[in-house]
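Notes for the one structure printed next.
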Amino acid sequence: MGQFIQLVVDGLSNGSIYAVLALAIVLVNQATGLINFAQGGMAVFSAYITWLLTEHGLSLILAILLSVLASFVLGALVERLVMRRFERGDPDTAVVVTIGLLTLITGICGWLWTYNNQQFRSLFSLTTVSIFGAAVSIRSIGTFAVIAVIMLFLQALFLGTKFGLALRAVAINPKSAALSGLPVGRLLMAGWGLAAALGAVAGALVAPQLTLTPGMMDTALVYALAAVILGGQSSPVGVVVAAWLIGVVENLAAVYVHFIGYDLKVAVPFILTFVVLVVRPQGLFGRKVVARV
Amino acid sequence: MAAELTLTDVNLRFGGIRVLTEVGFAVAPGQIFGLVGPNGAGKTSLFNCISGHYRPSSGSITIDGVEVLGTAPATLARHGLARTFQHPALRLGATVLENVLLGAHTRLPGGPIEWSLRLRHLTRSERELRTEALELLDRNHLGWAANRRVDELSHGLHKGIELCRALLSRPKLLLLDEPAAGLPHSEVEQLIETVRRVRAEEDITVVIVEHHMGLIAALTDRVVVLDHGRKLMDGTAAEAQSDPRVIEAYIGNDAVDDAA
Amino acid sequence: MTLLELQSVTAFYGPVQVLDGVSLSVPEGGAVGILGANGAGKTTTLRSISGTVRAGGRILYDGADIRGKRPEQVAAMGIAHVPEGRGGFGALTVRENLRIGAYLRRDRKGVESDIEFVLELFPNLRERYKSHASALSGGEQQMLAVGRAFMAKPRLLLLDEASLGLAPSTAMTVYDAIAKLRRESGIAMLVVEQNANLAFRLVDSATVLETGRNVLSGTSAELKGMDEIRRAYLGG
Amino acid sequence: GRGRDGASHGGASTGITDSTITLGITTPLSGATAGPGTCTVAGIKAYFGAANAAGGVKFGDGKTRKVEIKSLDDAYDPQKAKANYDQLKGSVFAMTAGLGTPTNRAYRTAAISDKVPQVLVMTGDPIFNDTSQSPYQLSLVPAYPNEGEAFGKLLASSGTAHKVAVLSQNDDYGQGYVEGLKKGIEGASNIKIVKELTYEATDTSVDAQITELAATGADVMFNAMSITPLAIASLQKAQQLNWKPSWFLPSNTSSPAAILKPGNASAYPGVYSVSFAKAPASPAFANDPDVKKFLSDLKQYGSYNETPAFPHCMWSYMAGAILEQAFTKMTEPTRDNFMKALRGISDFKAPLMLDGTSVNTSVDKQPAVSAVVVQKYNGTGYATVENFG
Amino acid sequence: MFSRAWVRRAITAIAVIAVLAVPLGFDEYTNQNLARIGVFAVAVLGLNVVMGYTGQVSLGQIFFVGVGAYVTAYGATHGWNIGVVLVASILIPGVIGLLVALAAARLGGLAIAMLTLALPIVGVPLAKRLSDYTGGSQGLSSAFSSAPEWSGLYNDQWQLYVVLVVGGAVFLLTRNLVRGKYGRAFAIVKSNEAVAASMGISPYRYKVLAFTVASLIGGVSGFLYMAVVQFTSPETLSLGHSVTLLASMVIGGSASIVGSLLGGAYYVLAPQLANHVDPNTTELLQGALLLLVLFLLPGGLVSLPRVIARKLRRNRPTGGADRQQSSSGAPARGRKAVEEAPTMSGIPTGRPE
Ligand SMILES: Nc1ncnc2c1ncn2[C@@H]1O[C@H](COP(=O)(O)OP(=O)(O)OP(=O)(O)O)[C@@H](O)[C@H]1O
Ligand SMILES: Nc1ncnc2c1ncn2[C@@H]1O[C@H](COP(=O)(O)OP(=O)(O)OP(=O)(O)O)[C@@H](O)[C@H]1O
Ligand SMILES: [Mg+2]
Ligand SMILES: [Mg+2]
């Protein structure tokens, strides 16, 4: 029983890693209609900025704040200078452009800061507290809390604010949005900027555990994508819940389902997602959009 | 053989919304049948039920006496049902001819392996259908546009292309969803001619949804009026146009003197 | 006072010229119709005004040339365009669609009361208030498009076949509502309409386009009296 | 079938002239393994950069040649490694130092049929040392089982009873270590393996494994792990669970600065590793002349500015020294002659080598370096140990 | 005068002969590179069938390449007849593809991308687990494609011939498939499933078909991979390569046969180019190259001639379209304008007859 709870707690803390990235992906998806493969790379880049600032003696909090700001600007610039050209074209091309961005950003990180692992200070301490007999680190709890806050913030942004509504409208139909007077370009930039800023937070949360390397987010990205689709692309709460679910189920399956084991546990989120999608094509929390004929 | 279509007590709901309630009527083979009613009455949904895109929650739909409820749309299409869409659904980047040829899909023989080998009889039937498609376009005054990309053409022409696509499949039951929308008056007359000619030549049953009462009056043998998912009346177009309930719910009082 | 004036406007799609010197003018609070066969360039004319198609010639709005402005800038100047086809925000609810229409407005109260006005006009939309726009019937989507344009409280309304797919009585209601709006708040409008009977209920004058050029213009009364017009557009 | 012979025109093999010899490397310089991959290039460039600066290497045929290195990135993709080899083989004398089992295997067959030496490559795969199967091959580092076995033997000879928990990478690397461990404790009744788990190199976390292993209450953790962040996380996680076994880490994830310190390894009764190279980060070697020269060569000629966290820099630096040994014994500028010279080195002590280890290339089925010593972490660096505990 | 058909046949024959002469004319490294391009062009071609033509985003194509390679390696090392090896290396991935497709085709849009993404992700540990057949993480080598003595060819020449013949056949068959009936069907499934259904095209069945064809072709690519690389391991089917295949498809030109070839060339040559410039910054260079190509040619490399033609047309000195206009007295709108313009009243009475 103790082990079971510990595994659940471990799973939640893994899931949190996927969740932060997934939230950023949802943000871009809602604001531009794209799945951004470069999201992980952008988060890594932001983490390097934070790291660089701390290396120069800044306090971690300050470094993160500055990095969030810088990332917002960089994200907006990426949209303006790179993505803009592809946004109204073939969506496959746009997705491949984000793949190119991922490669480029990873390459730039490797070139500027080498492919070696850099130690990244953690916002939260590693000391543990005991919850229901399971050891939980303050870091896990802190990460958990930050994610919950971001999740609620995004949920409120999308559903409750005019700005969020405008972001979504632009993604759905930029032409009509422009006819209604929405500043399409600026909204797209804002969407990317926000996602990049969120990526900076994600990077700072994840880097202490994964250590900072250019490819730090590669695996997490795959899980984050699964979480985005499982949770229902449009729902911040949905993807976070999905990410936690994936983390927990994966752990339990590895330990308790002998046939799966630690090598094939990676299949679990995908099987889970498949089963859910067959029953609920819109994902756990997504709302079905009917395509009428 | 023109098809016979019968609907009995068709019910359709989406979540809490009742879209169709106990709708039933029969279309005799070879008829041109009108389906009218206010916006949101459920006309398109009814088409979707017949063509298999929607699955009614209860009721029965038979074509030539065979129950088709729950049959996949592709299967129905292979058995002689064709339709157009209220909002034209064409491949915008492809040429008009390519779009129309799609209608001939079920008429082309051969499976994927034969087509990979490009067997001679396949290329021959493809050529023949191409010729047929061009003739069809010509007859519908669209021959000049055959090799233009669809997105280079104005919206008004899209309906006509869809009609040709549906006709190329040689259907025995044809469902037309607002074929006259967006056409100027003179074109509507042409459309009326076309549908009449098709019925005369092809041995086909046609069901038309249309808000253009002139077209309905000129073309249909019978009409059913839907309102809020229920059948309001069933009769000739003239009867419908003078039925006070229909005028109240649909045509509007001051439209009577204006209607063409 | 002329609100909008097109002077020899030209437009191309790629190398293909589709407008070849279209001229017309809409007075403040006036309503002008555009008639023409399919492909005559009616939609393109409206697009060149709202900035979705690049145009040559001159397009004067309030005396200033607005060519080259981006659609959102044009919209911000008080021009609302009800585009041809669906053009809605499928994954947004009816309510959200209407709110997007009012994006440029700052008066919260006014927006809410205008939403009420639109729902009054289109009872169908009230019934589907929380549905995604993509679930609506064809006519209901058209209502939503018109409603969105109302929500913008424009000075100039560009209507591209606003009656498309509307039931006769509804079309009438809409046109009467537009006429009322025009009377009450002095909105000017440029109306493309295949159903010329409807159009003439609304417009004071109209121009006929053919292959991208005006071939005929006149007041409603003048045009209605012409045989060719009757034959081609009115069915008489 | 036949390949085209690029091997020798009128005596001298490809890639060697009277004044130069060119060596080729294909190794991951991008992607997940780029960290150690970059190190492999830096180390050998450092060695020969210094040698070239000192005038060059004097060959056994009396000529002095400069050594040139051509390195290409294969991103750990076997197909790209083969393509790189295809590209290099027309201009290099031998392939060397590349990192990775599948990548080295991908062009092994071709190298054999082209008679291009593929030597001192960094893989623990034993096939490269079997002269009957791989006549033109020789790997540098101890086969993975050797390292595991060394630790197993130490455990077995401790005389006390131990329960061992095993966590290994799910590939030949991890399996090799575990195999070696088992061989080392064969017949020793005091050692019991209580649980064996694996992880994937791409995993982001091994928390669940550690949790499961901690529940066994084992007092020894055998952690055959090659991924830096996971090694750190394992050390951290076990502490969180208040599980403090003696710990074994393999040679390439035992860096005191990069892994043990952030993992707070001093919390454990003992952290063991095996090695044959001096750890430059270890204070014990701070004034070691080998280490000092190595670090300055690395900076100057390898363009590598940090103190390496991966041992691969040291290993390829040694590879340079071993190659130089072979060069000095080469009497003809041919590949055959080179292979013979390379195979004839015994008890050579390359720079940076720990006491108790040496290079022996004449033993079939063994890599150039097969002896390792077990070391124990002392809070800052390592010290060689003879006994467990 | 020669008839058009005759000229076409002659040109085709000359082209075929020229292509077949290639292996004899180039040096070893060029031949090897061409062979590699062929391998990945076939893989991209398969991806194009399911994604480019049918619109089902697949991140799993490399998995089928890997399975094909493993089957080939297994068969070749177990002394199977080479024909049997070829057939097995196509059919086994095909059957797996079919089974996956039966499940995946139920899902639409991104969900299918996610499910296919799982293939390489799960494929790697699976390949390790099935080490009895796959050689585990150490992989399998097989030099079954060495040139036979009777041919008198070098290995590289022989391998290139294998690629040319097998790959050429696959390209030809696929081109035929995507041209007529099936091409149209795939295209409408891509653009609107509801419409497809009402044309008698079951979206599900055609998605399954496209996916299966893609995996069959992937299997061919795997066979050729083994013939050219002669080694396979779990790394062969890693996700990163699948993503690169997808990028290559778009860069070559999606839904295009020639584009597939160009995509294969990109897949093979981009890393080599990057290595040539600076092996230490290959990722940076490849990312930059990808963005550069798509920036200039969003339609992929295959659109280059079209883009050049458009540029030339635009740069033509005043005249061109304008001149045409003044001579007809009507805006240049092709046939329609010319035929429609003259109406007596100035009001069109309908469309031209
Ligand atoms: N898939 C669906 N999901 C939810 N509601 C739907 C769906 N399909 C139809 N409806 C609802 O059913 C009602 C009837 O729609 P339908 O399209 O059948 O109307 P219609 O009679 O064709 O109207 P119109 O003349 O405007 O085209 C509408 O209110 C619509 O919102
Ligand atoms: N994207 C495009 N590319 C090329 N040509 C186009 C494009 N859009 C429209 N056209 C052409 O421009 C001309 C004018 O089109 P427009 O849409 O303005 O006509 P319209 O008068 O609105 O017709 P309708 O009544 O059918 O809507 C047509 O000949 C059409 O073929
Ligand atoms: Mg309808
Ligand atoms: Mg129009």
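Scanning segment B:97-124 for residues that are under 20 Å from E:Thr174 (Cα atoms) and either small (Gly, Ala, Ser) or open to solvent by less than 20 Å² (accessible area, probe 1.4 Å) (or both) returns B:Leu102, B:His105, B:Leu108, B:Gly110, B:Gly111, B:Trp115, B:Ser116, B:Leu122. Scanning segment A:78-116 for residues that are assigned to a loop (DSSP other than H, G, I, E, B) and in contact (Cβ under 8 Å) with a residue 24 or more places away in the chain yields a count of 4. The strands (runs of 3 or more DSSP E) found wholly in segment D:14-110 and carrying at least 1 residues that are open to solvent by 20 Å² or more (accessible area, probe 1.4 Å) occupy D:20-27, D:64-73. Across segment A:18-66, the number of residues qualifying as open to solvent by 10 Å² or more (accessible area, probe 1.4 Å), part of a helix (DSSP H, G or I), touching a residue at least 40 places away in the same chain (Cβ under 8 Å) and over 27 Å from E:Leu284 (Cβ atoms) comes to 3. Residue check: B:Ala180 meets all listed conditions (1) away from ligand 1 (no atom under 16 Å from the Cβ); (2) touching a His at 6+ places or on another chain (Cβ under 6 Å) but one, namely (1). Tell me, yes or no, whether segment C:53-70 has at least one residue that is more than 14 Å from the chain's Cα centre (by Cα), of a type in the set (A, V, I, L, M, F, W, C), away from ligand 3 (no atom under 16 Å from the Cβ) and in a helix (DSSP H, G or I). Within segment C:53-70, none of the residues are more than 14 Å from the chain's Cα centre (by Cα), of a type in the set (A, V, I, L, M, F, W, C), away from ligand 3 (no atom under 16 Å from the Cβ) and in a helix (DSSP H, G or I).
Pairs meeting the criteria (first residue in segment C:166-188 and on the phi > 0 side of the Ramachandran plot, second residue part of a helix (DSSP H, G or I) and surrounded by fewer than 17 Cβ atoms within 10 Å (Cβ to Cβ), beta carbons under 7 Å, at least 6 apart or on different chains) are lacking. Being under 21 Å from B:Ala146 (Cα atoms), facing chain E (nearest Cβ under 8 Å) and over 27 Å from the mean Cα position of the chain (by Cα) is the filter here, so list the residues in segment B:104-132 that pass it. Across segment B:104-132, the qualifying residue is only B:Thr123.
Every residue, every condition in (1) touching a Phe, Trp or Tyr at 6+ places or on another chain (Cβ under 7 Å); (2) open to solvent by 10 Å² or more (accessible area, probe 1.4 Å); (3) modelled with pLDDT of 95 or more; (4) away from ligand 1 (no atom under 16 Å from the Cβ), yes or no:
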| site | (1), (2), (3), (4) |
| --- | --- |
| C:His132 | no, yes, no, no |
| C:Ala145 | no, no, no, no |
| C:Ala167 | yes, no, no, no |
| C:Gly186 | no, yes, no, yes |
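Among the candidates A:Ile246, A:Ile260, the residue that is touching a helix residue (DSSP H, G or I) at 6+ places or on another chain (Cβ under 6 Å) and either without any contact (Cβ under 8 Å) to a residue 40 or more places away in the chain or more than 13 Å from chain E (Cβ to nearest Cβ) (or both) is uniquely A:Ile260.
Condition first: within 25 Å of B:Tyr250 (Cβ to Cβ) and either away from every other protein chain (no Cβ under 13 Å) or away from ligand 3 (no atom under 16 Å from the Cβ) (or both). Now tell me which residues in segment C:162-191 satisfy that. Selection gives C:Ala162, C:Met172, C:Thr173, C:Val174, C:Tyr175, C:Asp176, C:Ala177, C:Ile178, C:Ala179, C:Lys180, C:Leu181, C:Val191. Within segment D:126-135, at least one residue is closer than 28 Å to D:Thr253 by Cα and part of a loop (DSSP other than H, G, I, E, B).
Within segment E:137-155, not a single residue is away from chain D (no Cβ under 14 Å) and open to solvent by 10 Å² or more (accessible area, probe 1.4 Å).
Could you tell me which residue of segment B:165-188 is nearest to the chain's Cα centre (by Cα), considering only residues that are assigned to a helix (DSSP H, G or I) and within 16 Å of ligand 2 (Cβ to nearest atom)? Selected residue: B:Val188. Residues of segment A:155-175 that are open to solvent by less than 10 Å² (accessible area, probe 1.4 Å) and over 17 Å from the mean Cα position of the chain (by Cα): A:Gly164, A:Leu165, A:Ala166, A:Leu167, A:Ala169, A:Val170. So which residues in segment D:327-366 are in contact (Cβ under 8 Å) with a residue 24 or more places away in the chain and small (Gly, Ala, Ser)? Selection gives D:Ala341, D:Ala350, D:Gly356. Considering segment B:149-164, and only residues there that are more than 10 Å from chain C (Cβ to nearest Cβ) and more than 16 Å from ligand 3 (Cβ to nearest atom), the residue that is nearest to B:Ala104 (Cα to Cα) turns out to be B:Cys164.
Based on what the data block shows, is B:Gly160 at negative phi and surrounded by 23 or more Cβ atoms within 10 Å (Cβ to Cβ)? So B:Gly160 fits the description; yes.
Determine whether segment D:201-209 contains at least one residue that is open to solvent by less than 10 Å² (accessible area, probe 1.4 Å) and among the β-branched types (Val, Ile, Thr). Yes: segment D:201-209 contains one or more residues that are open to solvent by less than 10 Å² (accessible area, probe 1.4 Å) and among the β-branched types (Val, Ile, Thr). Mind checking whether some residue in segment E:206-218 is in a helix (DSSP H, G or I), within 29 Å of B:Thr44 (Cβ to Cβ), touching a residue at least 60 places away in the same chain (Cβ under 8 Å) and facing chain B (nearest Cβ under 10 Å)? Within segment E:206-218 (the criterion being in a helix (DSSP H, G or I), within 29 Å of B:Thr44 (Cβ to Cβ), touching a residue at least 60 places away in the same chain (Cβ under 8 Å) and facing chain B (nearest Cβ under 10 Å)), the answer is yes, since at least one residue qualifies.
Confirm whether E:Gly83 is part of a helix (DSSP H, G or I) and either without any contact (Cβ under 8 Å) to a residue 12 or more places away in the chain or of a type in the set (Lys, Arg) (or both). It is true that E:Gly83 is part of a helix (DSSP H, G or I) and either without any contact (Cβ under 8 Å) to a residue 12 or more places away in the chain or of a type in the set (Lys, Arg) (or both). When we screen E:Val178, E:Val162, E:Val195, E:Val166 for residues that are out of contact with any His (no Cβ under 6 Å at 6 or more places or on another chain), of a type in the set (Val, Ile, Thr), in contact (Cβ under 8 Å) with a residue 40 or more places away in the chain and crowded, with 22+ Cβ neighbours inside 10 Å, the only hit is E:Val178. When you scan segment C:52-62, do you find a residue that is touching an Asp or Glu at 6+ places or on another chain (Cβ under 7 Å) and within 14 Å of chain B (Cβ to nearest Cβ), even just one? Within segment C:52-62, not a single residue is touching an Asp or Glu at 6+ places or on another chain (Cβ under 7 Å) and within 14 Å of chain B (Cβ to nearest Cβ). C:Leu157 fulfils the conditions (1) touching a His at 6+ places or on another chain (Cβ under 9 Å); (2) facing another protein chain (nearest Cβ under 9 Å) except for a single criterion, (2). Return yes when C:Glu140 is in contact (Cβ under 8 Å) with a residue 12 or more places away in the chain and within 16 Å of ligand 2 (Cβ to nearest atom) and no when it is not. Judged against the criteria, C:Glu140 is not a match. For the residues B:Ile50, B:Ile32, the requirement of being under 23 Å from B:Gly160 (Cα atoms), under 15 Å from the mean Cα position of the chain (by Cα) and away from ligand 3 (no atom under 14 Å from the Cβ) singles out B:Ile32.
Of the residues C:Arg70, C:Arg95, C:Arg47, the single one that is over 23 Å from C:Lys180 (Cα atoms), open to solvent by 20 Å² or more (accessible area, probe 1.4 Å) and within 16 Å of ligand 1 (Cβ to nearest atom) is C:Arg95.
The values are calculated or read from the model by the stated rules, or taken from the named source; none is laboratory data. Computed from a prediction, not measured in an experiment: that's the story for all the values here. As a convention, Cβ positions derive from the backbone with ideal geometry for all residues, glycine included, and neighbour counts pool all protein chains shown. Just so you know, the surface numbers come from the protein's heavy atoms only, side chains and all, with ligands and any DNA or RNA stripped out. Shrake-Rupley method; radii C 1.70, N 1.55, O 1.52, S 1.80 Å.
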